[in-house]
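Enquirer: Just passing along the structure, written as structure tokens.
The values are calculated or read from the model by the stated rules, or taken from the named source; none is laboratory data. Note that the structure is predicted; figures quoted are calculated from it, not measured. Every residue, glycine among them, receives a Cβ derived from its backbone with ideal geometry; neighbour counts consider all protein chains shown. These accessible areas exclude ligands, DNA and RNA; they are computed on the full protein's heavy atoms, side chains included. Shrake-Rupley method; radii C 1.70, N 1.55, O 1.52, S 1.80 Å.
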Amino acid sequence: MCGIIACAGVKDAARVLYGGLQDLEYRGYDSAGISVLSGGKIHTVKRAGRVGAIAQAAAGLGGSCGIGHTRWATHGRPSDANAHPHVCGRFSVVHNGIIENYAELKKELACMGCTFFSQTDSEVVPQLLERYYAEYNDLKQAVLSCVSRLKGAFALAILCEGEEGFVAVKYRNPIIVGTGGGAVYAASDMPALSGLAENVAVLKDGQIAFARGGKISFCDFEGAAASLTFSPLPAAAKSVRLGGFPHYMIKEINEIPAAVKNTAAAFEGEDVARTIARAAKKRGFTSVMMCGCGTAYHSALAAAYYGEELLGMPVRVETAGEFRYRKMAVGADTLFVAVSQSGETADTVEAARAAKQAGATVAAVTNVPYSALTGVADFVVPVRAGTEICVAATKSYCGQIAALAMFFAALKGAGEYRSVLSAVKGAEALCAQTISRTVAEDVARACASSSGVYFIGRGIDYPVALEGSLKLKEVSYVPGEGYPAGELKHGTIALIDSGTLAVAVITQCGLAEKTASAVEQICARGGRAAVVCAEGCAPAHLRERAEFLIEVPACKSCLSPLVSVIPLQLIAYRTAVILGRDPDKPRNLAKSVTVE
Ligand code: M6R
């Protein structure tokens, strides 16, 4: 949710910042802006729209230090005025997060004669900085005084006229600092630093970095010196490009086999399994609670079917946003599993914090090893899907299904673990087969012309139906719902007519007839039906009834969601393309939701 970047000690700050913003654009694309310090003065360009909107204006800015921002709007609509950086007097500031007490600060500052030019919460920051700088005539003191007034979540990068360099502040939203070639950098994520920084360090909550004259120093919010350990920029944190694909979504769907393979590789050897088993033994859990948002919630839901059956103990699943505000029975005998691709979704990170405070042991299932979630967790369950740029999660979902299956198997014991690990390795080829064989075009055309698309499934196919529906909605804007197949007749069937399409997921042969009768009911009411089923699962009458049939290879039940989801992802992708949508950057969305 908003990407920020800063640099100091470079030849052409505007060029560096612009390049970094392109890598951060997945975090928000409502507006973009850059401020550079050149000739002792701050020069700013900012525009509503994507990063490309500032390309021309930024090209001539130059400067040796500066800050940049790509925005996902929270307070104030996307506009030039609400675009960051926000400037006041000698300060220019970019912000990721939400200043929760902005209204009272704004009122206070307005009473003191300050004029505001935007509707954002963020603009109070440069206003406060300017006020405190006038009082103390000292940058550090101004920054400390300013942050002491802020409530909420804030990653900030600050530029101050007369001070060559930048300041970066971290509280609840990420800041990574980097050094290389005599320059200093800061950014919301590592790929934005690739090709720039050689060594990186992750700022902790409540830390401030001062970049001056090619050097960087740190302090906490009280002003006490802090030290950070730098390590080489991980090879995996590289800047990602399309490489011949028209969109990241289809590129990343094609990377699913590699995501499954690399996730399996992270579980090879005994380390991960031993950590999981040791945590389980030490605490003697009696229940598992799983949380996530969006796609991560769906992968948790799917994994819970296997986990509960295998362990014979309750495995509950809740969306992270609900968990936090619901008094759920979680304590020392609970294993809390937080699932998040980015590891920085605010609801999920806060849910994990709350569970930890309640005494639970927290496992983080994440694709980003240096994320905020890993900082909260007692141990990490690795997903190795690689950097995911498209806002719609695809390969990370498959990586999560694989990691969660191995996680539950490790809790059960060595025999189950070996069997699941070998099945995950085998799933790489099944995914590749599914990608190459699926013809999604006809179903996508039907979706594109439908007034609503209803995804149905039973058992472990139900979370897959939810995920198929989410994918279609978010990238194509075609309305619809995911439903348990048996529930359709209890209300939603009222929506079925000749304009609607139902997509049934059937991978569990024992339940095939049950879901098939839901399809019959839909067709009897004039609805159209598509079926995604495991080979050998579809009853003969269903083959006749369904207008579209996509077969996927059969596999171990706990891994079936990572295969059966692929046709649904491809259908969503093709529907978006047919309708002329940008599947990588759907309207109103951002990849990392770091606000509550
Ligand atoms: O990074 P996370 O997995 O925590 O993100 C959670 C959701 O915001 C995310 O899955 C979202 O639903 C995606 N856009 C789905 O494609």
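Enquirer: What number of residues within the stretch 570-596 are at positive phi and within 12 Å of the ligand (Cβ to nearest atom)?
Expert: The qualifying residues number 1.
Enquirer: Something else: How about the stretch 151-207: which of its residues are in a strand (DSSP E or B), under 16 Å from ALA236 (Cα atoms) and small (Gly, Ala, Ser)?
Expert: GLY178, ALA201
Enquirer: Got a sec? Which of ILE54, ILE67, ILE34, ILE42 is over 16 Å from GLU161 (Cα atoms) and of a type outside the set (Phe, Trp, Tyr)?
Expert: Just a single option satisfies the conditions, and that option is ILE54.
Enquirer: Only one of GLU544, GLU520 is farther than 18 Å from LEU470 by Cα, open to solvent by 60 Å² or more (accessible area, probe 1.4 Å), outside any loop (DSSP other than H, G, I, E, B) and without any contact (Cβ under 8 Å) to a residue 60 or more places away in the chain; which?
Expert: Selected residue: GLU544, the only one of GLU544, GLU520 that is farther than 18 Å from LEU470 by Cα, open to solvent by 60 Å² or more (accessible area, probe 1.4 Å), outside any loop (DSSP other than H, G, I, E, B) and without any contact (Cβ under 8 Å) to a residue 60 or more places away in the chain.
Enquirer: Condition first: in contact with a Ser or Thr (Cβ under 7 Å, 6 or more places away or on another chain), open to solvent by less than 10 Å² (accessible area, probe 1.4 Å) and either of a type in the set (Phe, Trp, Tyr) or closer than 22 Å to LEU139 by Cβ (or both). Now tell me which residues in the stretch 58-92 satisfy that.
Expert: Result: GLY66, ILE67, HIS84, PRO85, HIS86, SER92.
Enquirer: Starting from the stretch 406-417, take each residue that is closer than 11 Å to TYR306 by Cα and list its partners that are of a type in the set (S, T, N, Q) and part of a helix (DSSP H, G or I), counting only C-beta distances under 9 angstrom and pairs at least six apart or across chains.
Expert: So the pair list comes out as MET406/THR263; ALA409/SER419.
Enquirer: On to the next question. I'd like to verify a number: residues in the stretch 476-517 that are surrounded by 15 or more Cβ atoms within 10 Å (Cβ to Cβ), touching a residue at least 40 places away in the same chain (Cβ under 8 Å) and farther than 17 Å from VAL464 by Cβ, how many?
Expert: Total satisfying the criteria: 5.
Enquirer: Picking from TYR102, TYR171, which residue would you name as being among the aromatic types (Phe, Trp, Tyr) and under 26 Å from GLY9 (Cβ atoms)?
Expert: Exactly one of TYR102, TYR171 is among the aromatic types (Phe, Trp, Tyr) and under 26 Å from GLY9 (Cβ atoms), namely TYR171.
Enquirer: Check whether at least one residue in the stretch 415-434 is in contact with a Ser or Thr (Cβ under 6 Å, 6 or more places away or on another chain), of a type in the set (A, V, I, L, M, F, W, C) and part of a helix (DSSP H, G or I), and report yes or no.
Expert: Within the stretch 415-434 (the criterion being in contact with a Ser or Thr (Cβ under 6 Å, 6 or more places away or on another chain), of a type in the set (A, V, I, L, M, F, W, C) and part of a helix (DSSP H, G or I)), the answer is no, since none of the residues qualifies.
Enquirer: Would you be able to tell me the number of residues in the stretch 216-243 that are surrounded by 12 or more Cβ atoms within 10 Å (Cβ to Cβ) and not in a loop (DSSP other than H, G, I, E, B)?
Expert: Residues meeting the conditions: 6.
Enquirer: So is GLY39 under 16 Å from GLY213 (Cα atoms), touching a residue at least 40 places away in the same chain (Cβ under 8 Å), in the same structural domain as ALA168 (by TED's automatic domain parsing) and surrounded by fewer than 24 Cβ atoms within 10 Å (Cβ to Cβ) or not?
Expert: no
Enquirer: In the stretch 458-507, what residues are away from the ligand (no atom under 16 Å from the Cβ) and hydroxyl-bearing (Ser, Thr, Tyr)?
Expert: Across the stretch 458-507, the qualifying residues are TYR462, TYR483, THR492, SER498, THR500, THR507.
Enquirer: In the stretch 9-36, what residues are assigned to a strand (DSSP E or B), of a type outside the set (S, T, N, Q) and either under 30 Å from PRO586 (Cβ atoms) or open to solvent by 10 Å² or more (accessible area, probe 1.4 Å) (or both)?
Expert: ALA32, GLY33, ILE34
Enquirer: Inside the stretch 319-335, can you point out the residues that are away from the ligand (no atom under 15 Å from the Cβ) and of a type outside the set (Gly, Ala, Ser)?
Expert: Selection gives TYR325, ARG326, LYS327, MET328, VAL330, ASP333, THR334, LEU335.
Enquirer: Moving on. Name the single residue, out of those in the stretch 296-318 being touching a Pro at 6+ places or on another chain (Cβ under 9 Å) and open to solvent by 50 Å² or more (accessible area, probe 1.4 Å), that is nearest to the ligand (Cβ to nearest atom).
Expert: It comes out as TYR305.
Enquirer: Against the definition (buried (at least 22 other Cβ atoms within 10 Å of the Cβ), outside any helix (DSSP H, G or I), hydroxyl-bearing (Ser, Thr, Tyr) and at pLDDT 90 or above), how does TYR462 come out, yes or no?
Expert: no
Enquirer: Name the residue that is most open to solvent (accessible area, probe 1.4 Å), counting only residues in the stretch 260-295 that are touching a Phe, Trp or Tyr at 6+ places or on another chain (Cβ under 9 Å) and within 15 Å of the ligand (Cβ to nearest atom).
Expert: Checked the stretch 260-295; the qualifying residue most open to solvent (accessible area, probe 1.4 Å) is THR295.
Enquirer: If you don't mind, another one. Could you list, in sequence order, the residues of the stretch 348-374 that are open to solvent by 20 Å² or more (accessible area, probe 1.4 Å) and either part of a helix (DSSP H, G or I) or away from the ligand (no atom under 15 Å from the Cβ) (or both)?
Expert: Those that are open to solvent by 20 Å² or more (accessible area, probe 1.4 Å) and either part of a helix (DSSP H, G or I) or away from the ligand (no atom under 15 Å from the Cβ) (or both): GLU350, ARG353, ALA354, LYS356, GLN357, ALA358, GLY359, ALA372, THR374.
Enquirer: Which numbered condition in (1) open to solvent by 10 Å² or more (accessible area, probe 1.4 Å); (2) within 21 Å of the chain's Cα centre (by Cα); (3) under 30 Å from ILE578 (Cβ atoms); (4) at pLDDT 95 or above is the only one that PRO246 fails?
Expert: Only one criterion in (1) open to solvent by 10 Å² or more (accessible area, probe 1.4 Å); (2) within 21 Å of the chain's Cα centre (by Cα); (3) under 30 Å from ILE578 (Cβ atoms); (4) at pLDDT 95 or above is unmet by PRO246, namely (2).
Enquirer: Output the number of residues of the stretch 323-371 satisfying the condition of being within 20 Å of THR263 (Cα to Cα), hydrophobic (A, V, I, L, M, F, W, C) and at pLDDT below 95.
Expert: Number of matching residues: 1.
Enquirer: Is it the case that VAL125 is farther than 19 Å from GLY63 by Cα, open to solvent by less than 10 Å² (accessible area, probe 1.4 Å) and part of a helix (DSSP H, G or I)?
Expert: Considered against the rule, which asks whether it is farther than 19 Å from GLY63 by Cα, open to solvent by less than 10 Å² (accessible area, probe 1.4 Å) and part of a helix (DSSP H, G or I), VAL125 comes out as yes.
Enquirer: Now for a different question. Based on this model, can you work out whether GLY165 counts as at positive phi and modelled with pLDDT of 95 or more?
Expert: Answer is yes for this residue.
Enquirer: State all residues of the stretch 103-139 that are of a type in the set (Val, Ile, Thr) and more than 20 Å from GLU163 (Cα to Cα); if no residue qualifies, say none.
Expert: THR115, THR120, VAL124
Enquirer: Next up: Looking at (1) under 30 Å from GLY321 (Cβ atoms); (2) open to solvent by less than 10 Å² (accessible area, probe 1.4 Å), which one does LYS585 not meet, given that it meets all the others?
Expert: It is condition (2) that LYS585 fails.
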